[in-house]
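Structure first, then comments.
The values are calculated or read from the model by the stated rules, or taken from the named source; none is laboratory data. Quick caveat: nothing in here was measured; it's all calculated off a predicted structure. Glycine also receives a Cβ, built like all others from the backbone with ideal geometry; neighbour counts cover every protein chain displayed.
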Amino acid sequence: MLDIKLLRADPQAVAARLNVKGFELDVASFERLEVERRRLQEQTEQLQNERNVKSKGIGQAKAQGQDIAPLLAEVSGLGERLESAKEAFADIQTQLQAFLHAIPNLPDELVPAGKDEADNQQLRIWGDPRTFEFEPKDHVDLGAGGGLDFETAAKISGSRYVVMHGGIARLHRALTQFMLDTHVQQHGYQEVYVPYIVNADSLFGTGQLPKFAEDQFRIDQEQETYLIPTAEVPVTNIYRGEILEESALPIRHVCHTPCFRSEAGSYGRDTRGMIRQHQFEKVEMVQLVHPDQSWQVLEALTGHAEAILQALNLPYRAMLLCGGDLGFSAARTIDLEVWLPSQQQYREISSCSNFLDFQARRMQARFRTSDGKIEFLHTLNGSGLAVGRTLVAVLENYQNHDGTIAVPNALQPYMGGQDVISPAG
């Protein structure tokens with residue numbers, strides 16, 4: 001959530017920055033709400049002060065033996081007007097909060113203008129795509145012998161699910177364990193385990209609600225609980241409503257969870273295979289840091305995700321997202337895109353974002369400085385990595401002519417020393 005002081009100071013400047021995201025701020029509506037808020041605030045304060053003065057006068061009049069009935073009636077009338085003004089003031093405050101809740105985070109000044117992913121800027125590229133001596137298959141055809149079973153998953157659950165068998169299931173598990181171990185042992189994260197079901201307050205805190213309700217899997221209407229779309233939600237919300245000591249920063253957590261998304265806005269996109277599913281798994285990195293450190297941490301966190309791709313020897317590129325492709329809560333995002341031979345293109349495998357104090361304001365996640373001042377934390381997260389998409393990349397980049405899959409060196413210790421698997425299950 002934006003600091004309302006920014007809007008009050010210069011709403012036109014805020015609107016100009018939000019235009020980079022393609023968001024049109026209704027400045028006129030905000031200014032109307034602000035005029036009414038100030039009017040009601042002044043009215044409430046004036047009535048409060050007037051009632052206090054009159055109330056004191058009752059005591060003085062009583063002490064002098066005067067008839068206080070008119071004064072009592074006047075104070076009673078002021079009380080009714082005050083309560084009415086308070087209710088109107090509370091209502092306008094609620095309207096202002098709802099207005100603020102719908103406004104996305106301001107894009108950082110380095111975020112380029114643009115409408116969609118075609119306008120993202122390449123920052124760097126790593127590795128050379130493999131040259132095959134045969135026509136490479138996509139992961140669906142590689143797993144068609146039984147390792148990847150989409151038909152059975154559809155029978156069980158519907159479209160956009162998969163059942164894995166045998167070596168592919170084990171490779172999926174190995175990838176997860178390798179990512180967790182790398183982030184804990186080499187990058188200094190603390191592993192956490194969290195619930196897979198969260199309440200509406202948690203989704204509001206990280207910015208999924210109220211705007212993106214249709215993208216969530218709601219499981220209880222009365223209690224307003226949801227399946228998590230990413231571990232970012234429960235992990236970041238560990239610190240909702242908390243005040244940390246500055247000495248405790250930075251907080252670095254890594255978490256493996258399944259993720260559940262309705263993919264409401266992706267009708268017709270990536271319907272083949274595992275690229276876009278309703279249920280998938282991720283290893284998520286989350287950091288809560290001092291405001292002075294968050295841009296530096298974004299680069300470091302992105303590097304931690306890149307280290308996984310490099311260890312697996314998977315070619316990738318890093319992309320700075322343009323305003324039109326930037327998420328609701330993010331101030332700046334760097335996407336990592338892995339090379340998929342079957343598509344002859346790079347596909348997203350990780351998004352690493354700095355949210356500045358946007359999520360912290362929504363969650364009231366703060367810290368106490370060494371001199372006792374209370375400030376909002378800065379929050380960041382990134383996929384380290386999306387496990388299913390990493391599995392797809394390994395299957396396609398490490399396929400052999402006979403349809404078997406070579407196991408990357410980094411994963412062989414997690415595969416009992418196996419250096420090749422059959423995708424047939």
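When ASP128 is evaluated against the numbered criteria (1) at pLDDT below 95; (2) out of contact with any helix residue (DSSP H, G or I) (no Cβ under 9 Å at 6 or more places or on another chain); (3) not aliphatic (A, V, I, L, M), which criterion, by number, is the only one it fails?
(1)
Count, please, the residues in the stretch 348-395 that happen to be in contact with a Phe, Trp or Tyr (Cβ under 9 Å, 6 or more places away or on another chain) and charged (D, E, K, R).
6
Residues to consider are LEU203, LEU244, LEU227, LEU175; find the one that is touching a residue at least 40 places away in the same chain (Cβ under 8 Å), touching a strand residue (DSSP E or B) at 6+ places or on another chain (Cβ under 7 Å) and of a type in the set (A, V, I, L, M, F, W, C). First the steps, then the outcome.
Values: LEU203 fails: touching a residue at least 40 places away in the same chain (Cβ under 8 Å); LEU227 fails: touching a residue at least 40 places away in the same chain (Cβ under 8 Å); LEU175 fails: touching a strand residue (DSSP E or B) at 6+ places or on another chain (Cβ under 7 Å).
The match here is LEU244.
With the checklist (1) within 20 Å of LEU148 (Cα to Cα); (2) in contact with a helix residue (DSSP H, G or I) (Cβ under 8 Å, 6 or more places away or on another chain); (3) surrounded by 24 or more Cβ atoms within 10 Å (Cβ to Cβ); (4) not aromatic (Phe, Trp, Tyr) in hand, flag the one item VAL407 doesn't pass.
With respect to (1) within 20 Å of LEU148 (Cα to Cα); (2) in contact with a helix residue (DSSP H, G or I) (Cβ under 8 Å, 6 or more places away or on another chain); (3) surrounded by 24 or more Cβ atoms within 10 Å (Cβ to Cβ); (4) not aromatic (Phe, Trp, Tyr), VAL407 is out only on (3).
Residue under question is PRO136, and the condition is that it be assigned to a loop (DSSP other than H, G, I, E, B), touching a Lys or Arg at 6+ places or on another chain (Cβ under 9 Å) and within 24 Å of ARG317 (Cβ to Cβ); does it hold? Walk me through how you get there before you give the answer.
Details: assigned to a loop (DSSP other than H, G, I, E, B): yes; touching a Lys or Arg at 6+ places or on another chain (Cβ under 9 Å): yes; within 24 Å of ARG317 (Cβ to Cβ): yes.
Here the answer is yes, as PRO136 does meet what is asked.
Yes/no per residue for (1) under 17 Å from the mean Cα position of the chain (by Cα); (2) surrounded by 23 or more Cβ atoms within 10 Å (Cβ to Cβ):
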{"position": "ALA248", "(1), (2)": "no, no"}
{"position": "SER262", "(1), (2)": "yes, no"}
{"position": "GLN277", "(1), (2)": "no, no"}
{"position": "LYS282", "(1), (2)": "yes, yes"}
{"position": "VAL286", "(1), (2)": "yes, yes"}
{"position": "HIS290", "(1), (2)": "no, no"}
{"position": "SER294", "(1), (2)": "yes, yes"}
{"position": "GLU299", "(1), (2)": "no, no"}
{"position": "THR302", "(1), (2)": "yes, yes"}
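Looking for something out of contact with any helix residue (DSSP H, G or I) (no Cβ under 9 Å at 6 or more places or on another chain) and under 18 Å from THR230 (Cα atoms) - is there at least one such residue anywhere in the stretch 373-389? Write out each step before concluding.
Of the residues in the stretch 373-389, the ones out of contact with any helix residue (DSSP H, G or I) (no Cβ under 9 Å at 6 or more places or on another chain) are 373-374, 386, 389.
Checking the rest, the ones that are also under 18 Å from THR230 (Cα atoms) come to 386, 389.
Yes, the conditions are met somewhere in the stretch 373-389.
Yes/no per residue for (1) farther than 30 Å from GLU133 by Cβ; (2) of a type in the set (S, T, N, Q); (3) touching a Lys or Arg at 6+ places or on another chain (Cβ under 9 Å):
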| site | (1), (2), (3) |
| --- | --- |
| TRP339 | no, no, yes |
| SER342 | no, yes, yes |
| SER351 | yes, yes, no |
| GLN359 | yes, yes, no |
| MET363 | yes, no, yes |
| GLY372 | yes, no, no |
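Restricting attention to the stretch 80-90, does a residue exist that is at pLDDT below 95, over 23 Å from ALA318 (Cβ atoms) and surrounded by fewer than 12 Cβ atoms within 10 Å (Cβ to Cβ)?
So far as the stretch 80-90 goes, yes, one or more of its residues are at pLDDT below 95, over 23 Å from ALA318 (Cβ atoms) and surrounded by fewer than 12 Cβ atoms within 10 Å (Cβ to Cβ).
Right, MET179: under 22 Å from the mean Cα position of the chain (by Cα) and within 18 Å of MET415 (Cα to Cα) or not?
Here the answer is yes, as MET179 does meet what is asked.
List, please: which pairs have Cβ atoms under 7 Å, are six or more places apart or on different chains, and start with a residue in the stretch 335-352 that is free of Cβ contacts under 8 Å to residues at least 24 places away in the same chain and end with one that is hydrophobic (A, V, I, L, M, F, W, C) and crowded, with 24+ Cβ neighbours inside 10 Å?
GLU337/ILE349
Are any of the residues in the stretch 266-274 modelled with pLDDT under 95 and within 23 Å of PRO210 (Cα to Cα)?
Yes; the residues of the stretch 266-274 include at least one that is modelled with pLDDT under 95 and within 23 Å of PRO210 (Cα to Cα).
Suppose we filter GLU299, GLU306 for residues that are without any contact (Cβ under 8 Å) to a residue 24 or more places away in the chain and not in a loop (DSSP other than H, G, I, E, B); which single one remains? Step through it out loud before you land on a result.
Values: GLU306 fails: without any contact (Cβ under 8 Å) to a residue 24 or more places away in the chain.
Only one candidate qualifies: GLU299.
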